[in-house]
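Structure record follows, encoded as structure tokens.
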Amino acid sequence: MARRHKARGRKVNGILLLDKPVGITSNAALQEVKRLLYAAKAGHTGNLDPLASGMLPICLGEATKLSAYLLDADKVYLGTCKLGVRTTTADAEGEIVEERPVPALSESQVDALLEQFRGDIEQIPPMHSAIKQNGQPLYKLARQGIEVERKPRQVTIHELRIMRLEGNEIELYIHCSKGTYIRTLVEDLGEALGCGAHLSQLRRTRVGPFQEEGMVTLDTLREAAQEGAENLDCYLLPMDHALGDYPEVKLSESSLFYVQQGQAVQVAQAPTEGWVRLFDSAGGFVGVGAVLDDGRIAPKRLISQNG
């Protein structure tokens, strides 16, 4: 019988909002944070390309059970469009495939064109993406010069506005749903403007309930880690902050017992629908629940109290 390998590192639970720098992969950033914290378990909640910087929430320990909720959350980006140049990857990492003159543009002209990209729209995922087709990531096929048909996907652009229009550059503020490809949005905007475009810079400033002000850089973490891994714990946010929009439900000792057995319970004055955060009588976070049609609250994802 195979011996179970024991995870190496500390039992660290919480969420760290990393300000990922340009030039490294999300996984490389994750591994460094995990090493600096000497954490036994960690995972990130949504990939940022090496070209992109900004918010990369890293879930540690029991918080990894909540990563799916952040993956599904809305995001906010600041993206810079370079007009007049199309590339193979629709961003600055690709090779130039076409150059066109850029017309004189006013903010009102560009804003009028942005209207077609607001609300529910369909996007065709780029070939240089991690989406799999027949088990093969599209970017691997793209590197072989193979292009395959991709099905359009519906995404929602909640807010799209111009931050700066200067020469052949447009900086955009984009508040969007999960699954939105900013590269595709920029490339499609370039076609609508008649000159082509690619994404030259991208920064993520918000994920779900998390705001830009809470981010910490790798340099700050490296410096703090010189005094010991425990010195970084002050940068961790409580796990339930990932679910900040969910109402709070406090369970009695008896209700908590049944919830931990996987059973739904009736809770007085609880919400009548939707998702909730579950807490014990002492205020300790115990997991995520959902309100059933009959008003009972069913456990959906529980956090180990010995995590």
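Residues ALA290, ALA268, ALA298, ALA242: which one is outside any loop (DSSP other than H, G, I, E, B) and either polar (S, T, N, Q) or free of Cβ contacts under 8 Å to residues at least 24 places away in the same chain (or both)?
Testing whether each residue is outside any loop (DSSP other than H, G, I, E, B) and either polar (S, T, N, Q) or free of Cβ contacts under 8 Å to residues at least 24 places away in the same chain (or both) leaves just ALA290.
Please give the helices (runs of 4 or more DSSP H) falling wholly within the range 17-126 in which 2 or more residues are out of contact with any strand residue (DSSP E or B) (no Cβ under 9 Å at 6 or more places or on another chain).
Correct list: 26-37, 107-114.
Quick check, is LEU199 in contact (Cβ under 8 Å) with a residue 60 or more places away in the chain, assigned by TED's automatic domain parsing to the domain that holds ARG100, crowded, with 19+ Cβ neighbours inside 10 Å and part of a strand (DSSP E or B)?
In short, yes.
Can you pull out every residue in the range 202-222 that is assigned to a helix (DSSP H, G or I) and either in contact (Cβ under 8 Å) with a residue 60 or more places away in the chain or surrounded by 20 or more Cβ atoms within 10 Å (Cβ to Cβ) (or both)?
Hits for the range 202-222 are GLU212, GLY214, LEU218, LEU221, ARG222.
For the range 266-280, how many residues are within 32 Å of the chain's Cα centre (by Cα) and not aromatic (Phe, Trp, Tyr)?
So the answer is 9.
If PHE257 satisfies every condition in (1) surrounded by 14 or more Cβ atoms within 10 Å (Cβ to Cβ); (2) part of a helix (DSSP H, G or I); (3) free of Cβ contacts under 8 Å to residues at least 40 places away in the same chain but one, which is the exception?
(1)
Consider the range 196-220. How many of its residues are out of contact with any helix residue (DSSP H, G or I) (no Cβ under 6 Å at 6 or more places or on another chain) and small (Gly, Ala, Ser)?
2
The values are calculated or read from the model by the stated rules, or taken from the named source; none is laboratory data. Being a predicted model, the structure only gives us computed values, none of them experimental. Please note: Cβ atoms are built from the backbone with ideal geometry, for glycine as well, and neighbour counts cover all protein chains shown.
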